[in-house]
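Colleague: Below are the structure tokens for one structure; questions will follow.
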Amino acid sequence: MAVTAFVFIVVLTPREWIGAFVAYAVVLIGFLLTAGVRPGRMARSLVLEIPFVAFALLLPFVGPDPAGFAGLSIAGMWAAWNILIKASLGVLAATLLAATTLPVDMVAGLQSLRLPTPIVAIFTFFIRYVDVVSDQYHRMRIAQEARGFRATSPRSWPTLASMLGALFVRSFERGERVHLALVSRGYDGRLPTPQVGMRRSWPIAAMLPVGAALILLAGWVATW
Amino acid sequence: MWQSIAMHIPDGFLDVPVSLLTYVISAVILTLAVVKSRADLDDRTAPLAGLTAVFIFAAQMINFPVASGTSGHLLGGALAAVLVGPWVGMLVVTVVLVVQALLFADGGLTALGANVLNMAIVATVVGWVVFRLGIRFVRSRSGAAVVAGVAGFVSVPASAMAFVVEFALGGTAPVSLSAVAAAMGGVHLLIGIGEGVITGLVVAAVLASRPDIVFGVRDTPLAKPVARPEVAAV
């Protein structure tokens with residue numbers, strides 16, 4: 001929640017206030033370093049943005065009014081900067097969340113945000129079984145490779161697709177077995193959730209959006 | 001890579017009013033989906049939807065080689081709709097998207113509402129409608145697989161067009177709308193071909209072993225269980 005608030009504040013900021021973005025980045029990277037996230041992980045997470053970076057880099061060339069600097073569109077450059085900086089800050093903020101929060105705490109967090117119980121329950125099952133099903137997938141891949149299969153061209157699609165079909169049947173049947181096991185233990189559509197120390201940590205979490213809000217406020221005051 | 005080419009919208013791409021609007025629209029539709037999915041699956045909803053979400057998540061890890069080193073992966077909206085129905089399918093894809101945004105920083109958190117709307121809601125609904133319209137005219141399993149393929153194909157440009165609408169309402173880049181629409185439409189028609197072929201092949205594979213669990217054909221003669229082949233333990 002704190003991370004979402006931070007990102008919304010960042011998106012709200014007018015793109016002309018370059019100083020404010022530098023301040024956001026400093027605050028956020030400070031948090032990341034305190035949390036013990038290594039720079040390598042930050043860089044890896046930023047790789048996700050590459051397609052959008054490519055789009056942003058095109059903007060100065062296709063934007064309106066190409067009479068500005070060096071034949072590039074000034075409006076396009078502002079838009080590119082806007083997208084780049086906001087997307088990068090967003091990715092880093094989400095990395096902070098992922099690096100500091102256990103999946104169980106995230107489920108508890110979603111619950112405390114009053115998400116409907118069924119959605120929280122689906123999340124819980126997802127988080128519990130994601131490793132089981134990925135392991136199953138990896139075993140199927142190893143079995144395929146042991147038979148000499150290598151996916152190199154679209155001709156391999158039917159093989160990969162039938163593996164996916166088998167994976168779906170296995171996942172779905174696992175779901176049926178899990179359901180029966182739950183029913184035999186008195187399941188009525190409700191899951192008990194562990195109470196985790198959310199309250200202790202919220203002041204720390206709130207520092208991030210509050211800090212960003214102060215920077216935005218300072219920017220408003222300065223432009224008056 | 002298809003998905004990251006142009007699907008997950010990052011933060012800062014859409015302005016705040018449109019981000020909030022898409023959050024609200026998605027939330028309303030998902031609430032409806034929660035109610036409707038209970039009718040489809042009763043108290044089995046949570047475990048089955050959870051495991052199906054894990055399946056879609058795993059399916060997106062598989063790279064389908066296209067040519068000369070490029071590859072793409074499934075998006076899964078139409079596939080989820082055909083396999084578990086539009087309402088559960090929506091919830092399933094939403095959970096996958098939220099996990100990707102929270103744990104892998106894939107797609108911005110402020111853009112999550114828009115991403116859910118495009119990929120979890122528009123793609124599954126369009127995929128479902130196309131599949132159900134088409135399934136009336138086929139009698140065989142392979143026919144159903146072709147119809148599923150068409151549903152998968154149509155779902156991708158449909159979801160791209162939803163993005164174009166959002167971009168028209170609150171895009172932050174000064175690019176002409178027709179340029180965005182043309183670029184998104186062109187790229188996604190190609191992506192849609194891959195999505196359609198794979199969706200069709202996967203549906204065919206599931207129909208061959210457990211047609212009774214495929215939600216999209218459950219009221220057709222195709223749903224009759226086949227004699228189950230022994231699956232070798234891996």
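Colleague: With respect to the numbered conditions (1) facing chain A (nearest Cβ under 9 Å); (2) under 25 Å from A:SER156 (Cβ atoms), which one is the sole condition not fulfilled by B:SER142?
Modeller: (1)
Colleague: Looking only at the range B:171-213, which residues are more than 30 Å from A:GLY175 (Cβ to Cβ), modelled with pLDDT of 75 or more and touching a Phe, Trp or Tyr at 6+ places or on another chain (Cβ under 8 Å)?
Modeller: B:ILE193
Colleague: Sticking with this one: Within the bounds of the range B:138-156, is there any residue that is at pLDDT below 85, of a type in the set (D, E, K, R), surrounded by fewer than 19 Cβ atoms within 10 Å (Cβ to Cβ) and in a helix (DSSP H, G or I)?
Modeller: Within the range B:138-156 (the criterion being at pLDDT below 85, of a type in the set (D, E, K, R), surrounded by fewer than 19 Cβ atoms within 10 Å (Cβ to Cβ) and in a helix (DSSP H, G or I)), the answer is yes, since at least one residue qualifies.
Colleague: Moving on. Considering (1) among the hydrophobic types (A, V, I, L, M, F, W, C); (2) over 24 Å from the mean Cα position of the chain (by Cα); (3) open to solvent by less than 40 Å² (accessible area, probe 1.4 Å), say which one A:ALA146 fails and leave the rest.
Modeller: In the conditions (1) among the hydrophobic types (A, V, I, L, M, F, W, C); (2) over 24 Å from the mean Cα position of the chain (by Cα); (3) open to solvent by less than 40 Å² (accessible area, probe 1.4 Å), A:ALA146 misses (3) alone.
Colleague: Find the residue count for the range B:52-66, including only residues that are more than 7 Å from chain A (Cβ to nearest Cβ) and part of a helix (DSSP H, G or I).
Modeller: Qualifying residue count, the range B:52-66: 1.
Colleague: Another one. Considering only residues that are surrounded by fewer than 18 Cβ atoms within 10 Å (Cβ to Cβ) and in contact with a Gly (Cβ under 9 Å, 6 or more places away or on another chain), look in the range B:5-20 and name the one that is modelled with the lowest pLDDT.
Modeller: My answer is B:ILE5.
Colleague: Restricting to the range A:124-164, name every residue that is hydroxyl-bearing (Ser, Thr, Tyr) and either in a loop (DSSP other than H, G, I, E, B) or facing chain B (nearest Cβ under 9 Å) (or both).
Modeller: A:THR124, A:TYR129, A:SER134, A:TYR137, A:THR152, A:SER153, A:SER156, A:SER162
Colleague: Answer with yes or no whether A:VAL183 is surrounded by 13 or more Cβ atoms within 10 Å (Cβ to Cβ), at pLDDT 65 or above and assigned to a helix (DSSP H, G or I).
Modeller: yes
Colleague: Further question on the same structure: Which number in (1) buried (at least 21 other Cβ atoms within 10 Å of the Cβ); (2) modelled with pLDDT of 80 or more marks the one condition that B:GLY216 misses?
Modeller: Here B:GLY216 meets the rest and fails (2).
The values are calculated or read from the model by the stated rules, or taken from the named source; none is laboratory data. Remember, predicted model here, so these are calculated numbers, not experimental data. Note that we place each Cβ from the backbone using ideal geometry, even for glycine, and neighbour counts take in every protein chain shown. These accessible areas exclude ligands, DNA and RNA; they are computed on the full protein's heavy atoms, side chains included. Shrake-Rupley method; radii C 1.70, N 1.55, O 1.52, S 1.80 Å.
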